[in-house]
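Just below is one structure, and these are the notes that go with it.
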Amino acid sequence: SPAERSGYSGVALVGRRAPDRVETELGEARFDAEGRVQIARYGRLVLANVYFPNGSGRDRDNSRVPFKLAFYAALLERLQRLRRGGYRVLVMGDYNTAHGELDLARPKANRKTSGFLPEERDALDAWMRAGWIDTFRRFESGPGHYTWWSQRYGVREKNIGWRIDHVLASPAAMRYVRHAFIHPHVLGSDHCPIGVDVDPAIFER
């Protein structure tokens, strides 16, 4: 699902099992033009594959934060409806927000940086208040676990990173999550792979 602007953003799903249905729009042109969402249904499971906006503008300011917060709210509303419809929902991708101080190496130095602004963290808190579960934190409570590092020399080697990629689960989906993981030693990107292992019964109607 690519953005209208070539090379700007997009998301893709690869799997052994074909989804019953895939939707790629939130119904608001300003969001849909950026190709940020795939909502795939597999029986009772809904997998939302999402590339959340960054709050930084072209001039490295925080001019895109209002757009980012509106996107968070619109997606939450959409997925809450699916929860109420009886679906088990997993939401995975680059959220572009570190939730708590444990989720980045230098929280004090980044309080005015997009990705750790109070209003961005509050937008993620809104998901938690609605009952969504940070799967990784359900299994690991310690510091030093990151999914993104600046490409400046030596930063990754020193593990000066951010945990901005997440898998959130609805309570109904969380019952089937057996493990959540981060693979920081897999190279090839400034991000690293993350994921969850689930009981196959999560698909069953």
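The values are calculated or read from the model by the stated rules, or taken from the named source; none is laboratory data. As the structure is a computational prediction, the values presented were derived from the model and not from experiment. Cβ sites come from the backbone with ideal geometry, for glycine too, and all protein chains shown count toward neighbours. Each accessible area value is taken on the protein alone, full model and side chains, heavy atoms only, with ligands, DNA and RNA left out. Shrake-Rupley method; radii C 1.70, N 1.55, O 1.52, S 1.80 Å.
Using +1 on the beta carbon of Lys and Arg, -1 on that of Asp and Glu, and nothing else charged, what's the dipole of the chain about the Cα centre, debye to 20? Show your work: numbers first, answer last.
Numbers: 32 positive and 25 negative charges, 56 e Å.
With Lys and Arg at +1 and Asp and Glu at -1, about 280 debye.
Which angle from 0 to 90°, rounded to the nearest 10, does the C-alpha axis of helix 118-129 make with the longest principal axis of the chain?
With rounding to tens, the tilt is 30 degrees.
Hey, for a label at ARG41 modelled as a point 7 Å past Cα toward Cβ, could you say which residues of segment 61-96 have their backbone N under 16 Å away?
Residues passing the 16 Å test: 78-90.
Considering only ASP94, ASP20, ASP125, give the residue with the highest GNM mean-square fluctuation for the chain, with springs between Cα atoms whenever their separation is below 10 Å.
The residue that fluctuates most here is ASP20.
Protein chains only, probe 1.4 Å: how do ARG138, ARG88, ARG129 rank by accessible area, largest first?
Numbers: ARG138 135, ARG88 20, ARG129 160 Å².
Descending order: ARG129, ARG138, ARG88.
Of all the accessible heavy-atom surface of segment 1-145, with the other protein chains kept in place and a 1.4 Å probe, what percent is carbon and sulfur?
Numbers: 3490 of 7480 Å².
Exposed carbon and sulfur together represent 47 percent of the surface.
If DNA, RNA and ligands are ignored and the probe is 1.4 Å, what is the ranking of HIS145, HIS183 by accessible area, most exposed first? Present the calculation step by step, with values, prior to reporting the outcome.
Details: HIS145 60, HIS183 85 Å².
Listed by decreasing accessible area, they come as HIS183, HIS145.
With a probe of 1.4 Å, find how much accessible area segment 1-135 has per residue, and write the answer as a whole number in Å².
Values: 6820 Å² over 135 residues.
Spelled out: the 1.4 Å probe surface of segment 1-135, per residue, equals 51 Å².
Starting from segment 19-60, pick out the trypsin sites (Lys or Arg not before Pro) whose DSSP state is loop and whose Cβ has at most 13 other Cβ atoms within 10 Å. Intermediate values should be presented prior to the final figure.
Numbers: sites: ARG21, ARG30, ARG36, ARG41, ARG44, ARG58, ARG60; in loops: ARG36, ARG44, ARG58, ARG60.
Taking segment 19-60 and a limit of 13 other Cβ atoms within 10 Å, the loop trypsin sites (Lys or Arg not before Pro) found are ARG58, ARG60.
Measure nothing fancy, just the Cα-based angle from helix 65-84's long axis to the longest principal axis of the chain, in degrees from 0 to 90, nearest 10.
For 65-84 against the chain, the angle is about 20 degrees.
Compare MET174, MET128 by solvent-accessible area with a 1.4 Å probe and give them largest first, with all protein chains kept in place. Present the calculation step by step, with values, prior to reporting the outcome.
Details: MET174 20, MET128 50 Å².
Heavy-atom accessible area, descending, gives MET128, MET174.
Pick out, in residue order, every one of the chymotrypsin sites (Phe, Trp or Tyr not before Pro) in segment 1-101 that is DSSP loop and has at most 15 other C-beta atoms within 10 Å; say none if there are none.
Details: sites: TYR8, PHE31, TYR42, TYR51, PHE67, PHE71, TYR72, TYR87, TYR95; in loops: TYR8, TYR87, TYR95.
For chymotrypsin sites (Phe, Trp or Tyr not before Pro) across segment 1-101 that sit outside H, G, I, E and B with at most 15 neighbouring Cβ atoms in 10 Å, the list reads TYR8.
Under a straight-distance cross-link criterion of Cα-Cα below 28 Å, which lysines are reachable from LYS158, leaving out those fewer than 8 residues away in the same chain?
LYS108, LYS112
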